[in-house]
Each structure stands twice: as C-alpha cells, then as structure tokens.
Amino acid sequence: MSLVATEAIILHAFDYSETSRILRLATRDVGVISALARGARRSRTRFGTALDLFAQGPAQLHLKEGRDLQTLGAFDVAHPRTALAEELGRFAGASVLAELVLRFATDASHPELFDVLAASLDAVVVAEGEHAREASLAGAWRLVSELGFAPAIELCGACHSALEAGASLVFNHGAGGMLCPRCARLHSGGRALPAGARGAIAAWTTGARVDRLTTPDARAHQRLLREFLQHHLADGRALRAFDSWERGAWSA
C-alpha cells in the first residue's frame, strides 16, 4: 500500500455505517477513485470541517493496487464552494459537470482534466441566475474536449473538408459533428445549426467566452449536448443529472 498526496474534488458522497463515508473523488494525480473516509461522520480531525459535494483541497490517499475502494487518510477543505448549494440552477449545473467526469473519466492521471473541472466549477459558482446554465454548458464542452471527444466544428465530420464560415449546417451525432452539404445528404438524421451555435460550441471547447444566450438557445444547446453524450459516451444509459438539469424549473 502506498501513500499519495494529491489535490482532490469531491464529486459524490454517501454515508457508510454509523461513522464513515464513501467518496468519489476527482484527483489531480490518480484520476477518479472511490475512497473510504473512516470515522468521517464522527471526527473532523483528519477531514477538515466537512466532506461536502464539490469541495476541493489536498488529500492523502492510501492506495492498494487492484482495490476498487481505497482509503482516505486526510482531506483539508481549502475551497468549499458552498455557493453551489445556495441556488438550484448552480447546483444542477455543477452536478452535470460531476456526472460527466464520474461517468467518463478513468483512474489514470489526467491533471489537465482536473484543472478544467476545477475552473468550470468556479465559473458556475460566480454565475448569476440563469447564466449558471451558460457556465455549465461551457464547462461541459471543455470537459468533453479534454476527454478527447470534441465534435468536429470547423471541418466536416465525414470528409474532413473545411466548412463554410457563417453558414447554417447540419450537426450529426453519428458523424461526430458538423457536416458539409454533400455529406449531410448522405447521412440520415441530424440537426441544423446556425453559425452562431457552431461558434458557441467551438468557443466553449477551447475555453473562450461567448455572448449571452437567449433562453431558447440555451435550452437547445442543453438538448444538443445531452444527445451528443448519449450517442458517443453513455452507451445508452441515462444521464440523470443532465435530465434533472434540462427538466428543472430553472430551465423552463
């Protein structure tokens, strides 16, 4: 068994026995892991003030190769992100980011993914009102890009030819993104995207800012993102946080 010190973010937590908790952690150095925090419900000595969702800080992990559940030796909450629990739209958006990492990241070291997750959660923290949805969309597309599944936006997803700037073109999930007019005729299904929507997705995947979205546009982006993930990453399984995010009153 080895002791590893690494930065971590709590993505999921539930009680285990009368004294302990099981956590799902995104870490900078050992990917996404499950860890048992023994005595966390009884003593705050080793685990700071709280082990709450989205909290971030330095952690000490006792790792054993081949074990699904590792042991959390200590966790010092340096960045609690309590504001995410104060507004439903923020919490729903942060839950989408957490679900995305939990479902599709691995236990391999991926510090860049960790940094994108941390920055995306921070952006949702400071977003006001309905703009939390836009910050969540931006963070989700950045995570998708870092995971290696960014959609084709500037080039045709089928023939890889350059796409006309400013044109409304078809986004096809099976083809992995935008299609030129010729390839769009050869692929069934798809959704027509105006140039503005294409530009927003291209900006989000690189971490760039976009202009404020109207409510209908934001809802259309939510739907497109969910469909894309379900087709390429989720193997047909439901994305529960995404479903709640779309159907909640803050998205109406």
In region 177-212, the trypsin sites (Lys or Arg not before Pro) that sit in a DSSP loop and have at most 16 other Cβ atoms within 10 Å of their own Cβ are Arg209, Arg212
For region 114-220, run through the GluC sites (Glu not before Pro) and keep only the ones in DSSP coil with at most 15 other Cβ atoms within 10 Å of their Cβ.
-> Glu128, Glu130, Glu154, Glu164
State to the nearest 20 debye the size of the charge dipole of the chain about its Cα centre, where the only charges are +1 on K and R beta carbons and -1 on D and E beta carbons.
-> 440
Which of these, Asp15, Asp235, Asp122, has the largest mean-square fluctuation under a Gaussian network model of the chain (Cα springs below 10 Å)?
-> Asp235
Using the heavy atoms of the protein chains alone and a 1.4 angstrom probe, what is the accessible area of the chain per residue in square angstrom?
-> 48
Report which label in (i) 1.02; (ii) 0.96; (iii) 1.08 holds the value of Rg/Rh (Cα atoms, Kirkwood Rh) derived from the coordinates of this structure.
-> (i)
Within region 48-89, GluC sites (Glu not before Pro) in DSSP loop having at most 14 other beta-carbon neighbours inside 10 Å = Glu65, Glu86
Using helices alone, what [θ] at 222 nm do you get for the chain, with -39,500 (n - 2.57) per DSSP H run of 4 or more residues, divided over all residues and rounded to the nearest 500?
-> -12000 deg cm²/dmol
Do you know the relative contact order of region 154-228, to the nearest whole percent, from alpha carbon pairs under 8 angstrom that are 6+ apart?
-> 25
Rounded to the nearest 10, the angle in degrees between the Cα long axis of helix 111-126 and the longest principal axis of the Cα atoms of the chain comes to 80
From Cα coordinates alone, what are the radius of gyration and Dmax values for region 1-122 in angstrom?
-> 13.4, 41
Tilt of helix 215-232 relative to the longest C-alpha principal axis of the chain, in degrees (0 to 90, nearest 10)?
-> 80
Going by alpha carbons, how many degrees (0 to 90, nearest 10) lie between the helix axis of 195-206 and the longest principal axis of the chain?
-> 30
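The values are calculated or read from the model by the stated rules, or taken from the named source; none is laboratory data. Computed from a predicted structure; not experimentally measured. FYI the Cβ positions are ideal-geometry reconstructions off the backbone, even for glycines, and counts take in every protein chain you see. Just so you know, the surface numbers come from the protein's heavy atoms only, side chains and all, with ligands and any DNA or RNA stripped out. Shrake-Rupley method; radii C 1.70, N 1.55, O 1.52, S 1.80 Å.
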